[in-house]
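Asker: Sharing a structure below in structure tokens format, with a few things to ask.
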Amino acid sequence: MTKLNPSKTVGRELLSVILPTYNERDNIIPLIKKLLYLEDSFDLEILVVDDNSSDGTALLVKELAQSDRRIRLIRRVGRSGLASAIKEGMLDASGDLAAVMDSDGQHEPIAIELAVEKLRLNKLDLVAGSRFKGESQIFGLSQRRTGGSSWANRFARFSLSRKYKHLTDYMSGCLVLDIKNCLPYVCKVDVSGFKFFYELLAISDGNLLVDEVPIKFQPRNYGSSKLDLAILWDFLISLLHTFTLRFIPRRAISFALVGAFGVVVQLIATQILMLVFQMGFEEALPLSVVIAATSNYLINNALTFRFQRLIGWNLVKGLLKFLLVASLPVLANVGLATTFYNFVTPNTFWAQMSGILVVFVWNYAASSRLVWNTP
């Protein structure tokens, strides 16, 4: 059955509020009930974009949506990620304006009202709720997380257009956008990016009129934060992607950084095998190459391809496939390094580097397609 969009009252704007969710069963219904007061000022549409939660979040929202046409559920299977959920919600929104909030209760609904007021008063394209502006108050972050966010904002400010230097919170998850003006840039947002807001600013390159309102950032009501090592890794990749003018694909940057770590692993493994196990260079090199390739596979699976992450038996099969894909360049690596060592210079470092540089592009292109099934 096709879901009907809320009808629009003459003279009133339609506001689409996008709520990305993953395992927010205890938080989502209280938040939706708080948001309903916005209907005093707007025609209201609430889109819950759920990443196939395992705790019944989607079923709970579906039951509510069946009795309240203002609420719509977008349930995603086989797709995941915060930026991806926000983008999909934006593209599916029916409103003149779109708002985004975290679904854990840390953003107060009044922030949306204040942001809309500022956006319309100053004829802006986007207004973000800032944790670090003027009268902002932070109750929902530890001192360590607050310090980390401050550092992240400093790096973000340096990487973006000068027209956005006045902003204080590039990591904000509380936004109000004029759909018509922002949609061309929303369509271009890389959904594997660290933060939707940061990616949108980077894509727009100073062409959007953006400002902020201070917010009171509350403690999470239930559940635990989704921040983990993979998200921090995404931020590093986002910065490097922006600094390289978005010319190099994000996954290629991530793959290269993991490969750099693999270089260190191979160099250390070679020295250990030669010094501890008394192997010759030509005997130690093939084993150290396999050790480095295995470490690269495991790290790429956890970080570079985390949305296609392999687990269980698929992880083992993926490793065998990865080693098979890498077998030709491994042979090239060993052959070139050995030749370099024997005929150019008996320097184990430069010998290995000559082999490593030859195989990077093959490993990235082939393993992306054959192991993690991504273009």
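Rule-based calculations on the coordinates, nothing more; no lab input. Note that the structure is predicted; figures quoted are calculated from it, not measured. Glycine also receives a Cβ, built like all others from the backbone with ideal geometry; neighbour counts cover every protein chain displayed.
Asker: For the pair GLN143 and GLU39, how long in nm is the line joining their label points, each one 7 Å along Cα→Cβ?
Answerer: 4.5
Asker: Another question, then. Pick out, in residue order, every one of the GluC sites (Glu not before Pro) in the range 95-180 that is DSSP loop and has at most 15 other C-beta atoms within 10 Å; say none if there are none.
Answerer: Sites meeting the loop and neighbour criteria: GLU135.
Asker: Ok, one more. Distance from a point 7 Å along Cα→Cβ of ASN122 to each backbone N in the range 25-44: keep the residues under 12 Å and list them by number.
Answerer: No residues fall inside that zone.
Asker: Continuing with the same structure: Give me the one-decimal nm value for the distance between modelled label points at LEU114 and LEU275, 7 Å along each residue's Cα-to-Cβ direction.
Answerer: With each label point 7 Å from Cα toward Cβ, the separation is 5.8 nm.
Asker: Modelling each spin label as a point 7 Å along the Cα-to-Cβ direction, I'd like the LYS165/VAL316 distance in nm, to one decimal.
Answerer: 5.7
Asker: Which pairs, out of LYS34/LYS87; LYS62/LYS321; LYS188/LYS317; LYS62/LYS123, put more than 31 Å between their alpha-carbon atoms?
Answerer: Cα-Cα > 31 Å for LYS62/LYS321; LYS188/LYS317; LYS62/LYS123; rest within.
Asker: Give me, ordered by chain and number, the residues 5 or more places off SER136 or on other chains with an amide H under 5 Å from its own placed amide H.
Answerer: Amide H to amide H, under 5 Å and 5 or more residues apart or across chains, SER136 pairs with ILE215.
Asker: From the convex hull of the Cα coordinates of the range 14-224, what is the mean projected area in square nanometres?
Answerer: Orientation-averaged projected area of the Cα hull: 10.9 nm².
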